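Everything below concerns the one structure shown next.
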Amino acid sequence: MDVRELVLLEEDLEAGVDAISLVSEPAIESDFIALSKKDVQLKTVSEEQRILMGPALIPDKMIYRREEEEEYYIYFSKDTVKRVAQAFLKRGYQSNSTLEHGPDVDGVCVIESWIVDDPKKDKAAYYNIDVPVGTWMVSAKVYNEQIWSDFVKTGKVNGFSIEGKFSQNLLAAQDQILEEEAKDMLAKIRSMIKKDDRTKSGERIEMESYNDYPQSVSNNAKRGIELNEKINNKCATRVGKIRAQQLANGEPLSLETIKRMASYLSRAKEFYDPNDTEACGTISYLLWGGKSALNWAEKKVKEIEKSNN
């Protein structure tokens, strides 16, 4: 599985941590960077003062991510973790908080932020929080009565998760594109060759691919590309963007690609909101061809599999 380093570029003014969220489970979707279950160590430092403490980011820790059809790991170096923590304070984002990565909530504020230099002597160790050198620790004060009573005291939230955007190691990202394209080509070679008596008689072997999807699929992809360009192409993975170009150009698709389309679109449809054209859920759904593509892909897979039986 691909491993990518996330970095904070000086010239990228919009990158970095935008908010810290109180969560019950680690998040694995785009823009949400949470610790694994075993690394979640949220402690109530003071019931009276309503202060919570826990790690926000651990350096060199492999964090599982999933975006559309991609699965991979990300990590931050010690230097990047330190710079992320400093940028968070410099921008004055201490009061930027959410609950379960939902809407912003008032009354949760980061009051302490530090980098662990000595795990044995650090303040975190006093509260039995075991983290390595370079960890970004935060303490947050909960002024919001509902958040404290309904979520903290009841144990519904178990840790901190950061929200933000970062630049990826470009070499790893490029490798992911090449890997996806290679998989697609191998799929065509392995599973799209017509296996009939003609191959035995020495006749030309033809690879099967399909581009009989309706024009609405291409139109949806073009619409997704257009909407994504308006927000500086912030939505979708590189694979999703490649898929959109294929559909927009009417290119033929292998059976494996069609199956991936059906699988992704069947899950992504719940995030599609035609009234919110800047939402990544809406844009990504259109990039993969939208509802028309889902209907076509599901029907096409059944049709092909039936004909092969």
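The values are calculated or read from the model by the stated rules, or taken from the named source; none is laboratory data. Owing to the predicted nature of the structure, the values given are computational and were not obtained by experimental measurement. Cβ sites come from the backbone with ideal geometry, for glycine too, and all protein chains shown count toward neighbours.
If you filter segment 61-113 down to residues that are of a type in the set (A, V, I, L, M, F, W, C), within 30 Å of Tyr285 (Cα to Cα) and touching a Lys or Arg at 6+ places or on another chain (Cβ under 9 Å), you find that the one that is modelled with the lowest pLDDT is Ile74.
Take the conditions assigned to a helix (DSSP H, G or I), among the hydroxyl-bearing types (Ser, Thr, Tyr) and over 15 Å from Met53 (Cβ atoms) and apply them to Ser149. Does it pass? Considered against the rule, which asks whether it is assigned to a helix (DSSP H, G or I), among the hydroxyl-bearing types (Ser, Thr, Tyr) and over 15 Å from Met53 (Cβ atoms), Ser149 comes out as yes. Among residues of segment 258-273 that are closer than 18 Å to Val301 by Cα and in contact (Cβ under 8 Å) with a residue 12 or more places away in the chain, those with a beta-carbon under 9 Å from a residue that is polar (S, T, N, Q) and in a helix (DSSP H, G or I) at least six positions away or on a different chain give the pairs Tyr264/Ser284. If the condition is being surrounded by fewer than 21 Cβ atoms within 10 Å (Cβ to Cβ) and under 17 Å from Thr282 (Cα atoms), then segment 249-261 contributes no residue at all. Contact annotation: residue pairs with Cβ atoms under 8 Å, 6 or more positions apart or on different chains, pairing a residue in segment 76-88 that is over 11 Å from Ile162 (Cβ atoms) and in the same structural domain as Gly54 (by TED's automatic domain parsing) with a partner that is at pLDDT 90 or above and of a type outside the set (Ser, Thr, Tyr), are Lys78/Val133; Lys78/Gly134; Lys82/Ile115; Lys82/Gly134; Lys82/Trp136. For Val138, indicate whether it is in a loop (DSSP other than H, G, I, E, B), at pLDDT 85 or above and farther than 30 Å from Gly290 by Cα. Considered against the rule, which asks whether it is in a loop (DSSP other than H, G, I, E, B), at pLDDT 85 or above and farther than 30 Å from Gly290 by Cα, Val138 comes out as no. Residue-level check: of (1) over 18 Å from the mean Cα position of the chain (by Cα); (2) surrounded by 15 or more Cβ atoms within 10 Å (Cβ to Cβ), Asp276 misses just (2). Say whether the condition of being touching an Asp or Glu at 6+ places or on another chain (Cβ under 7 Å), within 23 Å of Arg83 (Cα to Cα) and at pLDDT 75 or above is met by at least one residue in segment 19-41. Within segment 19-41 (the criterion being touching an Asp or Glu at 6+ places or on another chain (Cβ under 7 Å), within 23 Å of Arg83 (Cα to Cα) and at pLDDT 75 or above), the answer is yes, since at least one residue qualifies.
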